Amino acid sequence: MDQKKSVREVQEKILEIMKYIDKVCRDNGITYFIMGGTALGAVRHGGFIPWDDDLDIFMTPVEYEKFKSAMETQKQDRFVIQEWKTTPDYVEYAKVRMNGTTFIEEVFKDRKDLHQGIYVDIMILHKCPNDERIQKSLYKKCKYVTLYALSQRNWKPKSAFQKMALMALKCLPNKWLVRKSYEAIYQYDYSTLDDYRYFYWITPAKFKQGLFEPWMFEKPVEIPFEDTKLLCSKEIKKYLEYRYGDYMKLPSEEQQKAAVHAMIFDVNKDYTEYIK
């Protein structure tokens, strides 16, 4: 199989989803920012990182709720939102999935109740006070949620400590703890804070890498991305330097090998055809 061609086919579908998200946001005055590897790809490659098969954006909880509401009023049948609030035993970030496509990852191959179409990730950018004690507490809660999400994916620990932490989860009331953790993570989003930071730690990001000054995500600007324009931070290069250091440096040739990270993918057939 031609991996580069396969990755490109998936990228084209992902871009189709993102164009829909972008139109909904622009039509309804909703703010988003491309982030992570997507922002890196926009600056360094003018679009997708050639060997990546995903696209990630940030929204604050306020903007995300506006986005969900706008999608619901459209009554279209091509795209669906998947999120931890409404999907049983799913605690990861929100996704906009495309009907009529397939993207079955190894870890979810037995989840017949889970939509498994090609998707765009929506990461929720939260507020917290500029108080390191509170920030560290929230960081720990995010890392617990991340660990639990990984356990749901049959993740293989890389160290003895990680193995012990994974085993400890089996003794905890995880559904209750996840709910309480998310309540804490969201607690400052709708309050007025004069001195605050944004954070996103529901990933492998370390403490500093997931804590952002507000000026990094003020009014967005356009940036070329493939054959369209998406919204990004007006300080995107400062954000990338903060997040990655020397962001223009390419990884090793081994890391540049293109591969779709799904065990089964199909850009023309619905996932239900594969998991009957």
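Helices (runs of 4 or more DSSP H) wholly in the range 110-188 with at least 1 residues that are in contact with a helix residue (DSSP H, G or I) (Cβ under 8 Å, 6 or more places away or on another chain) and among the charged types (D, E, K, R) - which ones? Fully inside the range 110-188 and qualifying: 132-152. Summed over the range 146-179, the residues that are more than 21 Å from the chain's Cα centre (by Cα), under 22 Å from Phe207 (Cβ atoms) and surrounded by 12 or more Cβ atoms within 10 Å (Cβ to Cβ) give a count of 6.
All conditions in (1) surrounded by fewer than 18 Cβ atoms within 10 Å (Cβ to Cβ); (2) of a type in the set (D, E, K, R); (3) in contact with a helix residue (DSSP H, G or I) (Cβ under 7 Å, 6 or more places away or on another chain) hold for Asp52, with the sole exception of (1). The number of residues in the range 154-190 being over 21 Å from Arg133 (Cβ atoms) and without any contact (Cβ under 8 Å) to a residue 24 or more places away in the chain comes to 21.
Mind checking whether some residue in the range 5-28 is open to solvent by 20 Å² or more (accessible area, probe 1.4 Å), among the basic types (Lys, Arg), at pLDDT below 95 and over 13 Å from Pro224 (Cα atoms)? Steps first, answer last, please.
From the range 5-28, those open to solvent by 20 Å² or more (accessible area, probe 1.4 Å) are 5, 8-9, 12-13, 16, 19-20, 23, 26-28; that's our starting set.
Still in the running and among the basic types (Lys, Arg): 5, 8, 13, 19, 23, 26.
Subset that is at pLDDT below 95: 5, 8.
Filter once more, so that each one left must be over 13 Å from Pro224 (Cα atoms): 5, 8.
Scanning the range 5-28, I find at least one residue that is open to solvent by 20 Å² or more (accessible area, probe 1.4 Å), among the basic types (Lys, Arg), at pLDDT below 95 and over 13 Å from Pro224 (Cα atoms), so the answer is yes.
The single condition among (1) open to solvent by 60 Å² or more (accessible area, probe 1.4 Å); (2) touching a Cys at 6+ places or on another chain (Cβ under 6 Å); (3) not hydrophobic (A, V, I, L, M, F, W, C) that Gln135 does not meet is (1).
The values are calculated or read from the model by the stated rules, or taken from the named source; none is laboratory data. Treat the numbers as computed from the prediction; the structure is a model and nothing was measured. Note: ideal-geometry Cβ built from the backbone for every residue, glycine included; neighbour counts use all protein chains shown. Surface accessibility is based on the protein's heavy atoms, side chains included, excluding ligands, DNA and RNA. Shrake-Rupley method; radii C 1.70, N 1.55, O 1.52, S 1.80 Å.
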